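The structure appears below as structure tokens.
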Amino acid sequence: MAVRVQQEDFDIGAEIAAFRRADPGIGAIASFIGLVRDVNDGQAVAGMTLEHYPGMTEKALAGIVAEAKGRWDIVDALVIHRVGELKPLDQIVLVVVTGAHRGAAFAACEFIMDYLKTQAPFWKKEQTAQGARWVEARASDDQAAGRWSEPQAK
Amino acid sequence: MSIRILYFARLREDMGIAGEMFELPGETCNVNSLRAQLVARGGASATALGSGKAVRVSVNQDLARDDTPVKAGDEVAFFPPVTGG
């Protein structure tokens, strides 16, 4: 398991290559990359600042990954989340899940993102032409996380 | 007893501070009663933490509920619903 919170950008190819460690038991890798958009709630976004709670963030992400490993038959999972100043087009978050087969890898990857969205202590503040504003949490994110509370088939 | 309190994001701005030490009477309480005592101070505390505000709480870096116990030396954080990812 690996969890990193960092200001620097990440290289997807290098991260995946390092994470799979030439393990021939891995038959599937599912990944998700979250990006900064230039519009949100109908307003142009010039950039954003990502704040987090050092210590709790790493603990929460490690807990989410551990939960995914308990629910699905996967080999491992990697989460990298950036903080600080970000601009449209920038990468924000990377989730990589390795497994023997794709089904568990896809499901665990989606689960990790849904839980990260609702449980990991990150907050976005956007810069718009009307000034800076804190991004409001979305009910759709709670609904996305809530669907995993049903028992899942492995 | 002494509790270490942290504020993040909009709550940090509304409170005007990133954290504080808070003295509570007694040896134990819970999240709900701690929040009520902070709100009772009035001013920025009442505005930022009052009922009707969407506030999430953690105790020792785990997400907490209203009835989660709080004891001396704990680290309690108040923050808005999270928006990462």
Completion exercise
When every residue in the stretch B:7-38 that is among the hydrophobic types (A, V, I, L, M, F, W, C) and assigned to a helix (DSSP H, G or I) is compared, the one nearest to B:LEU63 (Cα to Cα) is B:VAL31
Practice task
Determine if the stretch A:75-86 includes at least one residue that is outside any strand (DSSP E or B) and within 30 Å of A:GLY27 (Cα to Cα).
Solution key: yes
Problem - Single condition B:ARG10 does not satisfy, out of (1) under 11 Å from the mean Cα position of the chain (by Cα); (2) crowded, with 19+ Cβ neighbours inside 10 Å - result: (1)
Completion exercise
By residue number, the members of the stretch A:21-38 that are at pLDDT below 95 and either surrounded by 17 or more Cβ atoms within 10 Å (Cβ to Cβ) or not charged (D, E, K, R) (or both) are A:ALA22
Exercise for the section: Kindly establish whether A:GLY84 is modelled with pLDDT of 95 or more, surrounded by fewer than 21 Cβ atoms within 10 Å (Cβ to Cβ), more than 17 Å from A:CYS109 (Cα to Cα) and more than 14 Å from the chain's Cα centre (by Cα). Expected result: yes
Practice task
Within the stretch B:39-47, identify whether any single residue is among the charged types (D, E, K, R) and either in contact with a Cys (Cβ under 6 Å, 6 or more places away or on another chain) or assigned to a helix (DSSP H, G or I) (or both), and answer yes or no.
Solution key: no
Problem - Residue, nearest to the other protein chains (Cβ to nearest Cβ), within the stretch A:122-154, restricted to residues that are surrounded by 15 or more Cβ atoms within 10 Å (Cβ to Cβ) and farther than 27 Å from A:ALA44 by Cβ - result: A:ALA145
Exercise for the section: Only residues that are crowded, with 24+ Cβ neighbours inside 10 Å and within 14 Å of chain B (Cβ to nearest Cβ): list them for the stretch A:94-108, please. Expected result: A:VAL95
Problem - Flag for A:ILE80 being farther than 20 Å from A:GLN7 by Cβ, touching a helix residue (DSSP H, G or I) at 6+ places or on another chain (Cβ under 9 Å) and within 13 Å of chain B (Cβ to nearest Cβ) - result: no
Fill in the blank from the handout: Note: among A:ILE29, A:ILE64, A:ILE33, just one is among the β-branched types (Val, Ile, Thr) and out of contact with any strand residue (DSSP E or B) (no Cβ under 6 Å at 6 or more places or on another chain), namely A:ILE64
Fill in the blank from the handout: Matching residues in the stretch B:59-80 (in contact with an Asp or Glu (Cβ under 8 Å, 6 or more places away or on another chain), within 13 Å of another protein chain (Cβ to nearest Cβ) and of a type outside the set (A, V, I, L, M)) number 2
Exercise for the section: Take the stretch A:36-66 and flag every residue that is at the interface with chain B (Cβ under 8 Å from one of its Cβ atoms) and in contact (Cβ under 8 Å) with a residue 60 or more places away in the chain. Expected result: A:LEU50, A:GLU51, A:HIS52, A:TYR53, A:MET56, A:ALA60
Exercise for the section: Within the stretch A:4-13, identify whether any single residue is closer than 24 Å to B:ASP62 by Cβ and out of contact with any Lys or Arg (no Cβ under 9 Å at 6 or more places or on another chain), and answer yes or no. Expected result: yes
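The values are calculated or read from the model by the stated rules, or taken from the named source; none is laboratory data. These numbers were taken from a predicted model, which means no experiment stands behind them. Note that each Cβ is placed from the backbone with ideal geometry, even for glycine, and that neighbours are counted across all protein chains shown.
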